[in-house]
Amino acid sequence: MRAFTELEWVKRTVSMSKRFFHRIRGTEETMNAQAEILPETTADAAPTWREKLATAKTTIYTYKIQVFKGISVIVAIAAVSAAGNVYVKSNMNEIYQVSVNGTNIGTVSDPAIIAQFLQGKIEELKAQRTDVQVSVEAPVYEVQPKTVFNGRGDDTKVLSALASQLVAKPVGIELKIDGNVVAIVKDEETAKSILETIKQNYLAKEAERNAKKSGQVSVLSASVAPAPTVEQTELLSVGFAEQVELNQVELQPEQVPLDPQETVKKLETGDVQPTKYEVQEGDCISCIAKKFDISKQVIYVNNPQIKNDMVRVGDVLDLTVLQPTLSVKTEEKIVEMQEVQYPTEYIPDDDMRAGRTEVIKSGKNGMKRVTFKLTKENGLLMEEELVSEEMLQEPVTAVVKRGTKVVKGEGTGKFSWPVVSAKLSSGYGMRWGKLHKGIDLTSSNKNIIAADNGKVTYAGYKEDYGNMIIIDHLNGYETLYAHLSKITTKSGTIVEKGEKIGVMGNTGDSDGIHLHFEIHSNGSIQNPMKFLSR
């Protein structure tokens, strides 16, 4: 645009010169015309108009050539300037100034070649090591555009300078469990694969254990009520009990990432060696657990072939107590169908001898759907939470006529919770290869109360149950209260429903402070949840 402007200026200069010469020519013609009509003067007289015009004409002719030359020079200079500007303009190039940390390292013709070059060099450096992951730190550079005459970027020099500042470091992924470094593996993908393998190994073992249990035929005594029917089992979540962190760290020369299979084994077992035991004469599950100072639950989990606590001399049991660095934590939802014991309405009869009864109308048990949430760590049950109850079929009340003579301590047939604000920690049914004959309850209120009127028939200590109380309700029902820390009643005492009989504890074969509660009907063990509802 500037070149075109200067050409226009040359044109205007030439045009002005032409107009100037036209004016000179016009002035000359005018002077000639005026000279012809003016009178002549004498020599002594003052210069006439004709003489003045002649003098002016001579002056114009004298400077005409000089003016023309001056203007011609100006026009020529302007033309050369315009042409030079066009040439310069056409040879101006844009290049790019490159600097690293404020230091200029040269210019390039195109900034795109820098990113492309660095990416290729980084991939090349990473490919040099296949046993570890390589992290490459690239220099941070800045690019500024710059326009120069006949400029050319020094691409080779700049790219070489940038390549010399690339820093390659071997790195690995640090696996931390609860803040402690337990392994360093090749990369994040390997670390995540290890964690997923541990989860899948656990789920496979659980499926195998469940398959073995389902294939067993449980032979229960006729005096034991059947376990509730499991209607649905759903795995809610699979995670880890510990806090897991994955962090990238620079490897030292002597460090080598662990093999993934070795890492899995280390995290699952804690490098504990297997422990086998051959059953001896007089052994029982509780005896073996005490001998090796381990939980009975470990024996049940490791040996799913055990049923109803039956072990025989010569049986080889797996007593390995793994100390896994990483524990798989699962949450499961179990839906069970449970019977609801029917209540009994008693009609006093003055003509009937005390203690005698006559059924007027038979009762019928109801049915309810109960949902539990189980929390396990490495297959060991940590918590059992009662989530909901849905009554599907209401029980039908039985009507029984009985004698009017009141027997002191006779129960009502309706049971209350033996702990105020109770929380179920383990339900009735098959647990760890055997029948759990009652329910386990916990509460912030540790007082234990009689579930119904009755007579205390036992108040003392038994090996498995610890401090326990048995109450005969004199109507065919008995209740059992176990693992108490303190007994506040004694055998032979008549107690009323809701009366305090002891304090919750952790005595006997117990894994924590709780109450183990059982209900027996005419010698048959019942599911207490049949009699208790929220």
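Can you check what the Kirkwood hydrodynamic radius comes to for region 266-312, Cα pairs only, in Å to one decimal?
Values: mean 1/r = 0.0841 Å⁻¹.
Taking the inverse mean of 1/r over all distinct Cα pairs, region 266-312 comes out at 11.9 Å.
In terms of packing, defined here as the mean over residues of other Cβ atoms within 10 angstrom, the peptides 443-454, 420-431, 135-146 line up highest first as 443-454, 420-431, 135-146.
Given a Förster distance of 56 angstrom, what is the FRET efficiency for GLU278 paired with ALA168, based on the Cβ-Cβ distance and rounded to 0.05? Between GLU278 and ALA168 the formula returns 0.45. Remark: for residue pairs LYS276/LYS434; LYS126/LYS265; LYS307/LYS462, the C-alpha separation exceeds 25 Å in LYS126/LYS265. Over all distinct Cα-Cα pairs of region 94-165, the Kirkwood formula returns a hydrodynamic radius of 13.1 Å. With the charge dipole of region 323-477 set up from +1 on Lys and Arg Cβ and -1 on Asp and Glu Cβ about the Cα centre, the Cα lying farthest toward the positive end among the listed residues SER388, GLY460, LEU326 is that of GLY460. Assuming a viscosity of 0.692 mPa s and a temperature of 37 °C, what translational diffusion coefficient in µm² per second does Stokes-Einstein assign to region 407-534, Rh being the Kirkwood radius over Cα pairs? Value of D from the Cα-based Kirkwood radius: 230 µm²/s. Past the 22 angstrom mark, what percentage of all C-alpha to C-alpha distances in region 325-480 do you count? Value for region 325-480: 57 percent of Cα pairs lie more than 22 Å apart.
Just order 334-343, 93-102 by mean Cβ neighbour count inside 10 Å, highest at the front, would you? Intermediate values should be presented prior to the final figure.
Numbers: 334-343: 18.7, 93-102: 15.1.
Result, highest mean first: 334-343, 93-102.
Loop-located GluC sites (Glu not before Pro) in region 425-497 (DSSP state other than H, G, I, E, B) with a sparse environment of at most 15 neighbouring Cβ atoms within 10 Å: GLU463, GLU496.
Here, each number is a calculation from the coordinates, and none is a lab measurement. Here the structure is a predicted model, which means the values were calculated and not measured. Here the Cβ is made from the backbone with ideal geometry for all residues, glycine too, and neighbour counts use every protein chain on show.
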